[in-house]
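K.L.:
Next up is a structure, given as structure tokens.
Here, each number is a calculation from the coordinates, and none is a lab measurement. Quick caveat, the model's predicted, so the values are computed rather than measured.
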């Protein structure tokens with residue numbers, strides 16, 4: 001059974017570290033790992049349970065970060081005028097990659113958190 005409290009805590013860690021950490025160099029990679037550890041630790045129950053909760057927290061957090069990235073790139077694209085449209089197509093692909101990678105690394109972090 002999914003512990004949504006653990007997923008919510010991992011999600012919040014992911015979004016906060018992803019948004020605040022990106023400008024200071026932590027980036028989404030560390031955000032995914034730490035959010036997975038947090039979700040896995042709160043959920044407990046071993047490696048499999050921790051990985052599941054980390055995967056959920058990281059995937060949902062990755063989707064939110066991809067949306068924030070899309071909005072930021074869209075605003076930058078508007079500011080660039082006619083050449084701003086060049087950024088539009090790549091935002092979806094980059095967002096998809098962020099969501100997938102965040103989910104996978106959070107699952108690894110969740111397995112580690114489940115061990116703790």
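K.L.:
What's the angle, to the nearest 10 degrees (0 to 90), between helix 27-43's Cα axis and the longest principal axis of the chain?
P.N.:
30 degrees
K.L.:
Specify the angular offset, from 0 to 90 degrees and rounded to the nearest 10, of the alpha carbon long axis of helix 47-80 from the longest principal axis of the alpha carbons in the chain.
P.N.:
On a 0 to 90 degree scale, this one is about 10.
K.L.:
So for the chain, averaging the separation of alpha carbon pairs under 8 Å that are six or more residues apart and normalising by length, what relative contact order in percent results?
P.N.:
Worked out over the chain, it gives 38 percent.
K.L.:
Treating the angle as unsigned and between 0 and 90°, give the value, to the nearest 10°, between the Cα long axis of helix 4-24 and the longest Cα principal axis of the chain.
P.N.:
For 4-24 against the chain, the angle is about 40 degrees.
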